[in-house]
Amino acid sequence: MVVSLSRRGDVEPFHAMDVLAEANRLKALGVPVISMAVGQPSDPAPTLVREAAARALQDGRIGYTDALGTATLRKAIAAHYGEHYGIDVPPARIAVTTGSSAAFNLAFLAMFDPGDRVAIAAPGYPAYRNIMKALGLDVVEIELEGAAYLNAAHLERAHRDKPLKGVLFASPANPTGAVVPPDELAALVLTAENLGISVISDEIYHRLAYSGPDTTALSHSDDVTVINSFSKYYCMTGWRIGWMVLPEKLVRPIERIQQSLYISAPELSQIAASEAFKATDELEAVKARYAWNRELLMRRLPEIGFALAAPMDGAFYAFCDVSRLTNDSMDFARRMLAEAHVAATPGRDFDTLAGHRFMRLSYAGSHDDMVEAVARIERWLK
């Protein structure tokens, strides 16, 4: 029997998930591993969310929904844009997706053809690169070279070398936590518009900024595609529920592709997520713990040789330059897990060129775990 293998599967592994798998293997053996490897809140979904899901399960009628999502959830998301950002987003421009991962697939498929050049920042979230490569897009990784975030000048230079069809950026960013200031965000969107470059703004870490209010790219143009999710701030990673805000002409193409690829996002998760915007008090208490963890790591990590490589303005990550300690962050991460029992993600995930010098540590866990993790690493390095 012959098994065919496509070139699409020949993408870089998602190393954070490999680290998580090894951490889980060690935990199953009784090893007391502390994981700082993946961006997953340690808190459960809010009480209102779980109660809504329990009621829906008791009712038992869980099935398909419209491909773009339930009217209830789309209206709740639209209301959120009015309340949180002060902008009007019609529910008709919102698509509910199976997490942000499905949203990226849908956006890339609906907006670009094989061979189109799409820019992302390096360091950046590895799934951007891996999904686009699997779909046959030409990924242009723009090395930030010390800058905290992608800016208009970066985009102009990349486009000058060879025209771009699209650009994808995140603010707050993964892995750095950097936030694009409002004026720089406006310049980035305007520059893309003037150059004829389509914009995708990843806003999955909104509501997790520590130095100022959130600014959505939608404030600057109705023609940007925004992707968000209930995974991070709303503590709903395993529920696999996200959304897109689309330019009007993209709504029907996204709907058509969604109908065939996913049919619809899970109805149970949609019912539960409709309550998430009412859980702000509970979620702000979780965010306050992230802020406490952030203060700890900003102080302690440089003391043990993990120099902060970017401002920790948002999300729940510390991106560290560990070149004083190693020139191979992949091996360093393996040894730190095996010997110190602390899991973190090697920088290769986020930057294939310079990632050997960096590590990403998530501080979404408990405060006690963060204190213990740093103490373990410090003892291990002595």
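The values are calculated or read from the model by the stated rules, or taken from the named source; none is laboratory data. None of these values were measured; they are calculated from a predicted model. Note that each Cβ is placed from the backbone with ideal geometry, even for glycine, and that neighbours are counted across all protein chains shown. Ligands, DNA and RNA are stripped out before the accessible areas are found, and what is left, the full protein with its side chains, is counted by its heavy atoms. Shrake-Rupley method; radii C 1.70, N 1.55, O 1.52, S 1.80 Å.
General observations
- Candidate set from the stretch 218-255 (those that are free of Cβ contacts under 8 Å to residues at least 40 places away in the same chain and not acidic (D, E)); member that is surrounded by the most Cβ atoms within 10 Å (Cβ to Cβ): V226
- When S171 is tested against (1) over 30 Å from L308 (Cα atoms); (2) crowded, with 18+ Cβ neighbours inside 10 Å, just one condition goes unmet, and that condition is (1).
- Residue within the stretch 197-206 that is among the small types (G, A, S), part of a loop (DSSP other than H, G, I, E, B) and closer than 21 Å to P123 by Cβ present: no
- Any chance M244 is modelled with pLDDT under 95 and under 23 Å from the mean Cα position of the chain (by Cα): no
- Among all positions in the stretch 186-194, there is no residue which is in a loop (DSSP other than H, G, I, E, B), open to solvent by less than 10 Å² (accessible area, probe 1.4 Å), on the phi < 0 side of the Ramachandran plot and not β-branched (V, I, T).
- Counted as qualifying within the stretch 52-145 are the helices (runs of 4 or more DSSP H) with 1 or more residues that are at pLDDT below 95 and among the polar types (S, T, N, Q), namely 126-134.
- If you check A307, A375, A291, A318 for being at pLDDT 95 or above, among the aliphatic types (A, V, I, L, M) and either open to solvent by less than 10 Å² (accessible area, probe 1.4 Å) or under 30 Å from K75 (Cα atoms) (or both), only one passes: A318.
- Condition check for Y85: under 21 Å from the mean Cα position of the chain (by Cα) and crowded, with 22+ Cβ neighbours inside 10 Å: no
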